[in-house]
């Protein structure tokens, strides 16, 4: 696959997707349909997203036992920056349910056969880089306020953060910078991955389309971002277990939001048949006429 295919897709001459103006009623409907999809395939969704609470608990163990306590919150919050990548399997399930196709859990891995797999990988790599930059910036903010010495203990760290001027500066600056990272990813990825899954486009076209969606619907997309942040916070509170439900609902809802804000493709991708053709059974008594018979049953 060439670099051009990864950035603009193999159909680079095609016009950009048409963006619609949507309202809060559309966001509510997308969330409602996301919940419907979740109930339709709850075991698939939980299986896909159980990695989030598990990864979060592993992260807590690593940071609390390796002098990285000050990075626990930045790392946990940074999961939202790479969340769109994890939603690929959920988008595929919603797409197939929308078309009335088979919903076997194995189809979540069909993403790797997408015509835009190069763009998907490129955008995923870009999000990984953004995540690493966010962690590095968070470390720099901590060092600027408290120096290079790691926190001695959890109580001591909490006391420093909430009772000292340096701690409040860390909170204000850290959350402000984190907000900018979140806005950047929202603008880049609000519909990027569903578009890449749905059409033969590249990462550059997908990012540009997402930016156009946000610019066309700034208030609605801002509210959508707040909804995502709020649900992720709620799902994280009970030891991150709630993310096993929140993540699939948000993933399915994102697909339906994409459907509402981007005009459908006039030449949609061709789907594979649900059941493969069966070969006709041959009998010895039919030889040699069977050699000239049709291969498949009508």
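The values are calculated or read from the model by the stated rules, or taken from the named source; none is laboratory data. In this text, all values refer to a predicted model and were calculated from it rather than measured experimentally. Cβ placement follows ideal geometry from the backbone for every residue including glycine, while neighbour counts extend to all protein chains displayed.
Here is a check on your reading of the model: is residue 119 assigned to a helix (DSSP H, G or I) and crowded, with 17+ Cβ neighbours inside 10 Å? If you could, list the steps in order and put the result at the bottom.
Working: assigned to a helix (DSSP H, G or I): yes; crowded, with 17+ Cβ neighbours inside 10 Å: yes.
Taking the combined requirement at face value, the residue satisfies it.
Residue-by-condition table, conditions (1) surrounded by 19 or more Cβ atoms within 10 Å (Cβ to Cβ); (2) modelled with pLDDT under 85:
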residue: 223; (1), (2): no, no
residue: 236; (1), (2): yes, yes
residue: 242; (1), (2): no, yes
residue: 249; (1), (2): yes, no
residue: 258; (1), (2): yes, no
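Matching residues to (1) loosely packed, with under 13 Cβ neighbours inside 10 Å; (2) modelled with pLDDT of 90 or more; (3) not in a helix (DSSP H, G or I):
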site: 126; (1), (2), (3): no, yes, no
site: 136; (1), (2), (3): yes, yes, no
site: 142; (1), (2), (3): no, yes, no
site: 151; (1), (2), (3): no, no, yes
site: 155; (1), (2), (3): yes, no, no
site: 158; (1), (2), (3): no, no, no
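Of all helices (runs of 4 or more DSSP H) completely enclosed by the range 178-245, which ones contain at least 3 residues that are over 18 Å from residue 95 (Cβ atoms)? Step through it out loud before you land on a result.
Details: elements: 192-198, 203-216, 218-236.
It comes to 203-216, 218-236.
Go through the range 38-55 residue by residue and tally those that are under 26 Å from residue 77 (Cα atoms) and modelled with pLDDT of 65 or more.
Here the count works out to 4.
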